[in-house]
Amino acid sequence: MVVIVSAVLTVAQCRILDPQIAAWLLDPADNASCFQDLVTKHYGRPAEPPAQPLGPRKPLPQSSLVSSSLCLLYQLMTQGLWELFSSMELSMIPVLAAMESHRIHVDKEALKRTSEMLGVKLKQLEQEAHKAAGQQFLVSSSTQLRLVLFEKLRLQERCENRKLPKTMLKQQQSTSEAALLQLQDLHPLPKIILEYRQVHKMKSTFVDGILSCVKKTYISSTWNQTSAVSGRLSAKQPNFQALPRQPVQISKKQYVQGKDAELVTVHPRDMFIPREGWTFLAADFCQVELRLLAHLTSDPELLRLFLDPGPDVFTMLASQWKGVPEQQLEPEDREHAKRIVYSMVYGAGRERLSGILGVSAEQASQFVDSFLQRYKEVQSFIQRTVQLCQKQGYVVSIMGRRRSLPHIRSADWAVRNQAERQAVNFVVQGSAADLCKMAMIRIFSLVSSSSSLTARLLAQIHDELLFEVEDSQVEHFAALVKTTMESLQHIDSLGVHLKVPLKVAVSSGRAWGSMSELHLPPASPPPSP
DNA sequence: CTTATGTGA
DNA sequence: GCGATCACATAAG
Ligand SMILES: [Mg+2]
């Protein structure tokens, strides 16, 4: 008891000891819906017995509040989570509070115009879909689409050589993108549906959905610290972390004869703009999870990719795989290579991978084999991680974040394999989350204690921080952010010493969708006189 | 492959 | 009419 009290006093000072965060660190998978559930759950001692069946709530005595809170704090200490709790997660609270208080301005009129334009386009696509199907149907209904494609047109019978995906839970014929791509040479309808889906998503979520979150001329997301099991943050209303990276081209029908169809570019990120006199500044950890994987595996080939000076890893791989020089690659090619790499290292099966690669399942498994053959230590890291998780029931990130995975000992093959992939993914994704949070805390602290810096943190997109900076301070602040983030390769106090350097790219612009990279001199920022 | 949130049926 | 569930989209790695 004395130990707990002194630890609490050392850390608390005037800060809050948030029990919800404490409970989430102990078991990130468990989402206590409210404070009372939390108290009831941790009243007895460990998190195990659901003493009260978590339903209708009885009033609890004050003593149980104190008891359950102390119990949570005690468990944090015994499980080696105290440092993470006190110096990372609690320090995030004022950072997130500041982020929520900062308004992100939007071009509301442009959003309204695109909403109308997309509405017209959707009606056209709906007509085309009905014509191609030879009947009217609700294009946005996957149930109705399944009937048209597989019962009326019976397209599955005309492509028996390649196998079509099934829906996850009910094992029906899927109408997902992967399925429609397989069907698109057999009939005009799948292609129309693919475009309809793209435009519909754009309108409903990224134009109308954003508009519904706009207050006056700005938005501000709600940031959740305890909703991701990996330690990542999440954002809602709007989900600022899921806005499309690539713009979408829409062809407008031309009513003037002899003219080509007008192409309009819709880019939701361009709707977000800084205030007059200010500039957006983004700082992005380059290939953060792959660098962490290099560190965790000590794979010589993987380490070499980051220790030797060379081109961007994903660009290099895209170039090799596509057989095209790096200068001729589109941004989509790099994104594609990135998706392939992460899918492989996190254990994608050959069917899934064949969908991503656009080749047969046999070719896909050959591709994985040759990849894992080249980076041999990745496989032994996976085995090591799984074995350790089987032994102790949980895995940990580089900063001691923990995830319990009881299913790792399941007798069911599918259940156990999923837990194994989750274990491996957690170690890497959780470690990346640790680094990104440390970066936010350090930069926030620098800005808070500076008398001149006015930069405001607007958002975190997992490995990227978005700031609004006074025009005159952009270069200076960019240098400060870059060096602060890259210095996290070594954190003495936590015993973190990464075997590879961290690389941070900074960019700035007058709209979030139109940022250009800043190339700063390699030196540190000038110390103020 | 993992981690999220949003929309529509 | 409301909430849960499913399928499908987007993002990040
Ligand atoms: Mg990045």
Considering every residue within segment A:28-38, establish whether at least one is farther than 16 Å from A:Ser227 by Cβ, at pLDDT below 65 and either part of a loop (DSSP other than H, G, I, E, B) or open to solvent by less than 70 Å² (accessible area, probe 1.4 Å) (or both). no
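Only one residue in A:Ile340, A:Ile398, A:Ile356, A:Ile408 is in contact with a Ser or Thr (Cβ under 7 Å, 6 or more places away or on another chain) and assigned to a helix (DSSP H, G or I). Which one?
A:Ile356
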Determine whether A:Leu263 is within 16 Å of the ligand (Cβ to nearest atom) and either under 30 Å from A:Gln473 (Cβ atoms) or more than 13 Å from the chain's Cα centre (by Cα) (or both). no
Qualifying residues in segment A:228-242 (those that are within 6 Å of DNA strand B (Cβ to nearest atom) and polar (S, T, N, Q)) - the one farthest from the chain's Cα centre (by Cα): A:Gln237
Output the residues belonging to segment A:155-172 that are surrounded by fewer than 16 Cβ atoms within 10 Å (Cβ to Cβ), over 30 Å from A:Gly119 (Cβ atoms) and either not assigned by TED's automatic domain parsing to the domain that holds A:Gln127 or not acidic (Asp, Glu) (or both). A:Arg158, A:Cys159, A:Asn161, A:Arg162, A:Lys163, A:Lys166, A:Met168, A:Leu169, A:Lys170, A:Gln171, A:Gln172
Between a residue in segment A:302-314 that is among the β-branched types (Val, Ile, Thr) and any residue that is open to solvent by 40 Å² or more (accessible area, probe 1.4 Å), which pairs come within a Cβ distance under 9 Å, given they are 6 or more apart or on different chains? A:Val313/A:Lys338
Here is a check on your reading of the model: is A:Phe285 open to solvent by less than 20 Å² (accessible area, probe 1.4 Å), within 16 Å of the ligand (Cβ to nearest atom) and in contact with a strand residue (DSSP E or B) (Cβ under 7 Å, 6 or more places away or on another chain)? yes
Answer yes or no: is there a residue in segment A:145-154 that is open to solvent by 90 Å² or more (accessible area, probe 1.4 Å), within 32 Å of the chain's Cα centre (by Cα) and away from the ligand (no atom under 16 Å from the Cβ). no
Can you spot a residue in segment A:207-222 that is under 30 Å from A:Ala459 (Cβ atoms), open to solvent by 60 Å² or more (accessible area, probe 1.4 Å) and near DNA strand C (Cβ under 9 Å from one of its atoms)? no
Candidates A:Glu362, A:Glu326, A:Glu330 - the one that is outside the structural domain of A:His476 (by TED's automatic domain parsing) and touching a Pro at 6+ places or on another chain (Cβ under 8 Å): A:Glu326
Please give the number of the condition A:Tyr346 fails out of (1) within 16 Å of the ligand (Cβ to nearest atom); (2) under 23 Å from the mean Cα position of the chain (by Cα). (1)
Looking only at segment A:231-240, count how many residues are within 16 Å of the ligand (Cβ to nearest atom), of a type outside the set (Phe, Trp, Tyr) and either touching a Ser or Thr at 6+ places or on another chain (Cβ under 7 Å) or open to solvent by less than 20 Å² (accessible area, probe 1.4 Å) (or both). 1
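For segment A:42-56, indicate whether the set of residues that are part of a helix (DSSP H, G or I), at pLDDT 70 or above and under 19 Å from A:Thr226 (Cβ atoms) is non-empty.
Start the filter on segment A:42-56 by keeping residues that are part of a helix (DSSP H, G or I), which leaves none.
No, that holds for no residue.
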Within segment A:360-376, how many residues are surrounded by 15 or more Cβ atoms within 10 Å (Cβ to Cβ) and under 20 Å from A:Leu181 (Cα atoms)? 2
Can you tell me which of A:Val469, A:Val415, A:Val424, A:Val481 is surrounded by 22 or more Cβ atoms within 10 Å (Cβ to Cβ), assigned by TED's automatic domain parsing to the domain that holds A:Val345 and modelled with pLDDT of 95 or more? A:Val424
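Take A:Leu296 and tell me if it is assigned to a helix (DSSP H, G or I), aliphatic (A, V, I, L, M) and over 19 Å from the mean Cα position of the chain (by Cα).
Yes, satisfied.
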Just for helices (runs of 4 or more DSSP H) wholly inside segment A:60-150: which have at least 2 residues that are within 16 Å of DNA strand C (Cβ to nearest atom)? A:108-133, A:142-147
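The values are calculated or read from the model by the stated rules, or taken from the named source; none is laboratory data. Owing to the predicted nature of the structure, the values given are computational and were not obtained by experimental measurement. Positions of Cβ are backbone-derived with ideal geometry, glycine not excepted, and every protein chain shown enters the neighbour counts. Surface areas here come from the heavy atoms of the whole protein model, side chains and all, with no ligands, DNA or RNA. Shrake-Rupley method; radii C 1.70, N 1.55, O 1.52, S 1.80 Å.
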